[in-house]
Each structure stands twice: as structure tokens, then as C-alpha cells.
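Colleague: Here you go, one structure.
What follows draws every value from the coordinates through simple rules; no lab data is involved. Since we're looking at a predicted model, the values are computed, not measured. Glycine also receives a Cβ, built like all others from the backbone with ideal geometry; neighbour counts cover every protein chain displayed.
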Amino acid sequence: MLPEEVAALILADAVRLRTSMREVATRFFSKHPELDYMKPVVRVLSLGVARNYLLLDHVLASLGYGPPSHSTNWMLARVLVFEALSNKLKPSRARKLAPKAGVDADKLLDLRGANPREFVKGLGGIDKLSVLYSFPRWVLEELLSAGIDNIAQLLQSLNRDPVRWIRVRPGISVAELATRLARHGIVIEPDKDLDDVAMIARGASKAPHTPEYQQGLFVLQDKASALVGHVAEPYNKVGVDPTAGAAIKASHLAWLGARYVIAGDVKAQRLGEAKHTLRRLKLGHLVDLVVGDARKPYLSRYGTVIVDPPCSDIGRLQYEPEVKLWLTRGDVRFYRRLQYRILRAILEAAPRGARVVYSVCTLTYSETIWVVKKVLSEIAEAEIVEPEPLIGEKPRKMPKAQRLLPNLHRTQGFFITKFIKL
Ligand SMILES: C[S@@+](CC[C@H](N)C(=O)[O-])C[C@H]1O[C@@H](n2cnc3c(N)ncnc32)[C@H](O)[C@@H]1O
């Protein structure tokens, strides 16, 4: 098998199973250890195709092929066009693989080194952005409705590799950890806004394999996600994360001084992941795990809640661009309803004075401003306050929230609001 074929297979399986390419690739290479050497090329090809799939379809249409699909053969055609536009397609590869993809090798070879902008010349406005940056049109409409400026810059940066961040355990300074990690070839730099956060400037992939990671001296967490814990300010209160997943934010509440923390999730399997996190961070004694549905709150006496529900993950596309290939408007409607129901239920059950932080790693209007407005219009005893510290931008359509954007803040795309129960 050639790397192009492996990339096509991984892309097609990821879409079919709606699973991350990383997971599919891990499974594939564990079955085929003899192909291990091709991992870096397969990674570049599969990420490149996922990030540019609409543009690649547009180029294929200009050659007379289509309609597009997510079959393995069509994925292979996309891979070959991507390689040709990157000027990396060798004639021998093209001749061998083009017939399998159902395209003409010479047509592919003619594409080598072409400027992708040439192919969108006839398009204008939102259609041009949609094809050039390969985002479905409805996603752009959602982002525009949310009042995001410089959409082109945002889309461009969502198509790049992310900046990697870590959160550092209390009691060890970033400087001390930097000295220890430098021994493994990892360079970290303190963050200017959050004193328990550092940016990985070099060696990010080695970070989870260090003794410092195993000893729980740091957590891999994006700066925007770490900001949520600071906005929640749990000092000396009972902290709850009812959609806790792997307990990344719940563990932050514990590190920030919560009296104790309750981490819930509707899926017991996610709490298994939470157990691992808490064991590594030696926080088991401070955090209780509960299997439960956040739409039916099972607690009423708490000070601080983080509502961090499932979302469309558009702010995480730098990590998993493949999500673009399967996400639909219907998914966003599903998520916004789930978020609304969880947030509403938590706010209704919250005691007076409780702080409820609502955070999502997405930027669509439906999942951010719409949810907050709807909940505020229905619960008179809840108001939103400025979510400090302010690191992101204040959305024009909701200045009491904050939004972080990869092109401006070098973080995931994130939206954070803070409610107080009156
Ligand atoms: C975005 S993740 C949470 C990440 C987590 N807060 C962290 O920082 O590690 C959302 C989680 O919500 C869980 N979930 C989905 N529906 C739920 C529900 N109705 N009640 C509770 N948890 C739910 C999912 O299983 C998933 O683990």
C-alpha cells in the first residue's frame, strides 16, 4: 500500500465512523506496524485533504469529475489533487494511483504547482470563502451571524496547526517546569495572561511521554479552556462540572482551590477517562465522580458550576479538521438544544448566588449567543456578568461574554459566559 492509499482509507473511515482521524490512524498502524515509516507523510496528506476538501472537489469538478462523495476512491482523488497542488506528486505515483481514483494521470500532473486561487476566480463573496477555505457555506453564515470580523483570517487559521498549551500544577513554577522539560528537548514559555499556563514553543509531541507529565506536574490544555476555570473562580466553594468528560476542567477547579469538586457525565466511559486524569494528578480525594444526566440536575447546593456541554467543535478544527466533512446544520441544531436544556436545568436548580459558567469550543451563533439569550429570556433569576479575566474579545452582539479566536488569541475558538443566580 502507498501512503496516498493509506491516507484515503483513513479519511474515508473517519467520515464513515465520525471518529477522529487520529483514532482511525492509531488503529490502522497498530494492525500494520510494517507501514510505520509512512506515518509522517500520511499525516500531512490526510490533514491537507480534510482542511481543503471543498477546494479539492472544486478543482476535480473543473477537470470534469464529480459529483463528490466520501468514498475511499474519491478520497484518493482528493489526495492526489492535494499532492499535485503542493507540487509533490511524482509522475510514477500519478500513473499508478490515478486509475484507482478514476481520474486521468496527465490531468493531475498538469495541476502541479498551480495556484489554488486561480480555481475560485469566478466565485464571489461567501461562496469564494467557502470553497477557498473549505468550510460549508452554512458554517460561514453562522460565523457571520455571530458578528465575527475578519472571517477570512479566522478560516485561514482554523486550517493551520494549533498552538499547544499546558496548565501547570500549583506549587511548581513555570520557570522550574521549563528547566525540567528542557532536558527532554521541550521548550515552554510562560503565558502573559494566566500564571498557571504556558505555551509549548518546541517539542509538543514529546510532552505526554515525560516523567513530569506522568507525575502530574502539568496537564495538556488549551489556554482558552484553562481560562474557563479562572472565570469560574471556585475558591473555597463546592465546584461542579456536570458534563465533565475527562475531568480536565474539573481538575482545574480542584487546583484553583475549590473545597471539593463533583464531576458528572452521562457516559460512564468518559468518567473512566476522568479517573485516569485524577489519578495522575493525585486529585482522587478531592473529586467525586457521578454518572448522571445534566438535564436533570442531581445536586442543588453548590457555589460554582461549569457547563461545558457537547458542541460542534468548530473551535477545535485545528486539531480535527475532519469534523468539517460530516458536520451538518442539523448537528448544530441538536447541540444548541442540548446545550440550552442543560444550561436551563442547571440554572433553575442553582442556589441563589451560585456562579454558572457556560463554555463551548465553538463559534456558531446558534450554540453561543442564541443559547444564552434564550436562557436569559426564560429565567428571570439569572443574569450574566463580565467573565473576568478578560483575555478574548467582547462579541458585539453580547458584550458581557468573551470569545477567543485562533487568529487573534492563538487559542482554540471558544465562547465563555458567566451567569449569577439571583
Ligand atoms: C465538551 S465535553 C466536556 C469536557 C470537560 N468539561 C473537560 O474539560 O474535560 C462534553 C461532555 O458532556 C457529556 N454529556 C453529553 N450529554 C450529557 C448529558 N445530558 N449530561 C451529562 N453529560 C453529558 C459528554 O459525554 C462529554 O463527555
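Colleague: If you rank 32, 230, 285 by fewest surrounding Cβ atoms within 10 Å, what's the result?
Modeller: 285, 32, 230
Colleague: Distance from the Cα centre of segment 327-360 to that of segment 1-51, in angstrom?
Modeller: Taking the Cα centre of each part, segment 327-360 and segment 1-51 sit 35 Å apart.
Colleague: Let me ask you something else. Among 1, 75, 398, rank each residue by its count of other Cβ atoms within 10 Å, from fewest to most, as a rough exposure measure. Spell out each step's value before the answer.
Modeller: On the way: 1 12, 75 31, 398 19.
In order of increasing Cβ crowding within 10 Å: 1, 398, 75.
Colleague: Over 23 Å between Cα atoms, which of 39/96; 192/324; 296/397; 237/282; 128/324 qualify?
Modeller: The answer is 192/324; 296/397.
Colleague: Compute the convex hull volume of the Cα atoms of segment 1-116, divide it by the residue count, and report the result per residue in Å³ as a whole number.
Modeller: 92
Colleague: Determine the percent antiparallel among the DSSP beta bridges restricted to segment 227-421, to the nearest 5.
Modeller: If we restrict to bridges inside segment 227-421, about 50 percent are antiparallel.
Colleague: What are the ³J(HN,Hα) values, in whole Hz, obtained from phi via the Karplus relation 6.51 cos²θ - 1.76 cosθ + 1.60 with θ = phi - 60°, for each residue of segment 395-401 in sequence order, with x given for Gly and Pro?
Modeller: 3J(HN,Hα) across segment 395-401, in whole Hz: x, 4, 7, 7, x, 8, 10.
Colleague: Under the definition of Cα pairs under 8 Å and six or more residues apart, what whole-number percent is the relative contact order of the chain?
Modeller: 14
Colleague: Whole angstrom only: what separates the Cα centroid of segment 224-246 from the Cα centroid of segment 115-153?
Modeller: 35
Colleague: Provide, in order from the shortest bin, the percent of all Cα-Cα pairs of segment 227-421 in each 5 Å bin, continuing until the bin that contains the maximum pair distance.
Modeller: It works out to 1, 8, 17, 21, 22, 18, 10, 3, 0, in whole percents.
Colleague: Right, something else. Which three lengths, in whole Å and largest first, does segment 89-129 cover when its Cα atoms are put on their principal axes?
Modeller: 38, 19, 12
Colleague: Please state the shape class of segment 123-268: rounded when a/c is under 1.5, otherwise prolate if a/b exceeds b/c and oblate if not, all from the C-alpha gyration tensor. Don't skip to the end; give the middle numbers.
Modeller: Numbers: a/c = 2.45, a/b = 1.48, b/c = 1.65.
Judged from the Cα gyration tensor, segment 123-268 comes out oblate (a/c at least 1.5, b/c at or above a/b).
Colleague: Restricting the count to DSSP beta bridges whose residues both fall in the chain, what percent are antiparallel, rounded to a multiple of 5?
Modeller: Working: 25 of 40 bridges.
Of all bridge pairs located within the chain, approximately 60 percent are antiparallel.
Colleague: Just to check I understand the Karplus step: with θ = phi - 60° and J = 6.51 cos²θ - 1.76 cosθ + 1.60, what whole-Hz values come out for segment 72-86, glycine and proline as x?
Modeller: Running phi through 6.51 cos²θ - 1.76 cosθ + 1.60 with θ = phi - 60° gives 4, 5, 5, 4, 5, 4, 4, 4, 5, 5, 4, 5, 5, 5, 7 Hz.
Colleague: Taking the dipole about the Cα centre of the chain, with the C-beta of Lys and Arg at +1 and of Asp and Glu at -1, give me whichever of 219, 197, 173 is farthest to the positive side.
Modeller: Towards the positive end, the residue furthest out is 219.
Colleague: Search the structure for amide H atoms under 5 Å from the amide H of residue 201, placed 1.01 Å from N in the peptide plane, and list their residues when 5 or more places away or on another chain.
Modeller: For residue 201, whose amide H was placed from the backbone, the distant partners under 5 Å are 187, 188, 189.
Colleague: 222 nm [θ] for the chain, helices only, -39500 (n - 2.57) per DSSP H run of 4+, per residue, to 500?
Modeller: Value at 222 nm, helices only, nearest 500: -13500 deg cm²/dmol.
Colleague: Here's another thing I want to ask about it. Once phi is turned into ³J(HN,Hα) by the Karplus curve 6.51 cos²θ - 1.76 cosθ + 1.60 with θ = phi - 60°, what whole-Hz value does each residue of segment 13-27 show in order, with x for glycine and proline?
Modeller: Working through the residues one at a time gives 5, 4, 5, 4, 8, 6, 10, 5, 4, 4, 5, 5, 5, 4, 5 Hz.
Colleague: Quick check: net charge around residue 183, other residues with Cβ under 15 Å of its Cβ, Lys/Arg +1 and Asp/Glu -1?
Modeller: +1
Colleague: Can I ask one more? Angle between the Cα long axis of helix 223-232 and the longest principal axis of the chain, 0 to 90 degrees, nearest 10?
Modeller: Orientation of helix 223-232: about 20 degrees from the principal axis.
Colleague: Based on the alpha-carbon set only, what is the convex hull volume of segment 97-166 divided per residue, in Å³?
Modeller: 168
Colleague: Something else: If only Cα atoms are counted, what is the Rg of segment 50-157, and what is its Dmax, in Å?
Modeller: Rg and Dmax of segment 50-157, Cα atoms, are 14.9, 48 Å.
Colleague: Return P(r) of segment 164-220 (all Cα-Cα pairs; 5 Å bins starting at 0; whole %; ordered from short to long distances).
Modeller: Pair shares across the bins are 4, 22, 39, 27, 7, 1.
Colleague: Return the long-range amide H neighbours of residue 382 (sequence gap of 5 or more, or a different chain), with a cut-off of under 5 Å between placed amide H atoms.
Modeller: Amide H neighbours of residue 382: 422.
Colleague: Restricting the calculation to Cα positions, tell me the Rg (one decimal) and the Dmax (whole number) of the chain in Å.
Modeller: Both quantities, over Cα of the chain: 22.8, 70 Å.
Colleague: Which residue fluctuates the most in the chain, going by a Gaussian network model with Cα springs under 10 Å, if the choices are 216, 392, 124?
Modeller: Highest fluctuation of the listed residues: 124.
Colleague: Under 5 Å between amide hydrogens, which residues at least 5 positions from residue 257 or on another chain qualify, with H placed 1.01 Å from N in the peptide plane?
Modeller: Here nothing satisfies the definition.
Colleague: Taking neighbour Cβ counts within 10 Å as the exposure measure, how do 19, 328 sort from fewest upward? Display every interim value, and only then the final one.
Modeller: Details: 19 15, 328 11.
So the residues, fewest neighbours to most, are 328, 19.
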